[in-house]
Amino acid sequence: MPQTFAVTAAAELAVVERNGFVESRHAGSALVLAPDGAVVRTLGDPSALILPRSTLKPLQALACLTAGAELAGEQLGLATASHTGTDRHVEVVRSILTAAEVTEDDLGCPAAWPIDRGTRDELVRDRAEPARIRMECSGKHAAMLLACRVNGWDTATYLDPAHPLQQHIVQVVERLTGEKPAATAVDGCGAPVHAVTLAGLARALHRMGTASERSPFALHRLGATLLAAVRGEPWTVAGPGRPDTIVTERTGAFAKTGAEGVMVMVAPDGTTAALKVLDGSTRAVSVIALRLLEQAGALPPADVERTLGDLHLTVLGGGAPVGSIRATI
């Protein structure tokens, strides 16, 4: 049975410190690629398989584009997003559904409350119910439905791994990672998620991050357009106050967090960091990736420090700061 790397293959990446006492350690694997694609740093075992979870979304969104879905700007950002379900996010997702001539009922993701607390509180006061369009992956699902409509593919079965859209996504994953998926599982939103190595995931995002919007090759051109759309509208990829949005706003890096401790971050110059925290926690992934890019010379230290100050890494005791979550790489 395919599986990720073992504890014995992991390296310490971050700690949680309280009043000078290290009470928790996060171990995992990480990889840094230079702008030219050369491997400049490895920690743990980046050759091991992982399930990319939401870090696969840029590749899934790119596959929708290459399948003919016309998405740009905010819509393209939402196709790549793990959004917080604000009214602004929902408005853009609805516009994709309208273009596809489908409704919220056609979304295959489960109904959910929005992650954004203010939006959720308002919906509760209005006696609303959880909704599929509020689920963090609804933008990805809407883009998939649009790709199906453009090609005349069945929309009722679009999440079936044998569906033409899902087969096309696998082809895009193979081309960008340089690997054939070792396994396919069902992600939390119901879509297929494919096991690749951490190194393969890094290669894929590096290729998108170093591509040109003027490339004669559609895959590269559209990949560059996708990352540019998120950098132009950082609120789309997550939401106000969320780490991926904050990192993108403050540093210009494309940041994408995945469940179970996965992170990919691409600096403006194309330097790419990918990591997997083995215990599945995401609380340290942003600080680890930022430090990896800073140490590779891809992000200015001052920008990193300002960004870290907004990422809620402080450990509290009695309501007062007593420590922090910090990278140890």
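The values are calculated or read from the model by the stated rules, or taken from the named source; none is laboratory data. None of these values were measured; they are calculated from a predicted model. Heads up, the Cβs are rebuilt from the backbone with ideal geometry, glycines too, and the neighbour counts pull from every protein chain shown.
Points to keep in mind about this one:
- Residues considered: T225, T197. Of these, the only one that is polar (S, T, N, Q), touching a residue at least 12 places away in the same chain (Cβ under 8 Å), under 27 Å from L292 (Cβ atoms) and in contact with a strand residue (DSSP E or B) (Cβ under 9 Å, 6 or more places away or on another chain) is T197.
- Qualifying residue in segment 3-12 (condition: closer than 25 Å to T155 by Cα, of a type in the set (D, E, K, R) and modelled with pLDDT of 95 or more): no
- Looking only at segment 287-305, residues that are more than 15 Å from T328 (Cβ to Cβ), part of a helix (DSSP H, G or I), out of contact with any strand residue (DSSP E or B) (no Cβ under 6 Å at 6 or more places or on another chain) and in contact (Cβ under 8 Å) with a residue 24 or more places away in the chain come to 2 in all.
- For segment 138-158, the set of residues classified as within 26 Å of the chain's Cα centre (by Cα), under 17 Å from L65 (Cα atoms) and in a loop (DSSP other than H, G, I, E, B) consists of T155, Y158, listed by residue number.
- Selection within segment 234-253: residues that are part of a helix (DSSP H, G or I) and not polar (S, T, N, Q). The member of this set that is surrounded by the fewest Cβ atoms within 10 Å (Cβ to Cβ) is E249.
- Subset of segment 221-277 (residues that are closer than 22 Å to C64 by Cβ and of a type in the set (D, E, K, R)): R221, R231, E233, D244, K256
- The lone criterion from (1) touching a strand residue (DSSP E or B) at 6+ places or on another chain (Cβ under 8 Å); (2) free of Cβ contacts under 8 Å to residues at least 40 places away in the same chain; (3) not in a loop (DSSP other than H, G, I, E, B) left unmet by E179 is number (3).
- D36 being surrounded by 15 or more Cβ atoms within 10 Å (Cβ to Cβ) and in a loop (DSSP other than H, G, I, E, B): no
- Failed condition for L165, given (1) farther than 22 Å from T42 by Cα; (2) surrounded by fewer than 17 Cβ atoms within 10 Å (Cβ to Cβ); (3) more than 17 Å from the chain's Cα centre (by Cα); (4) touching a residue at least 24 places away in the same chain (Cβ under 8 Å): (2)
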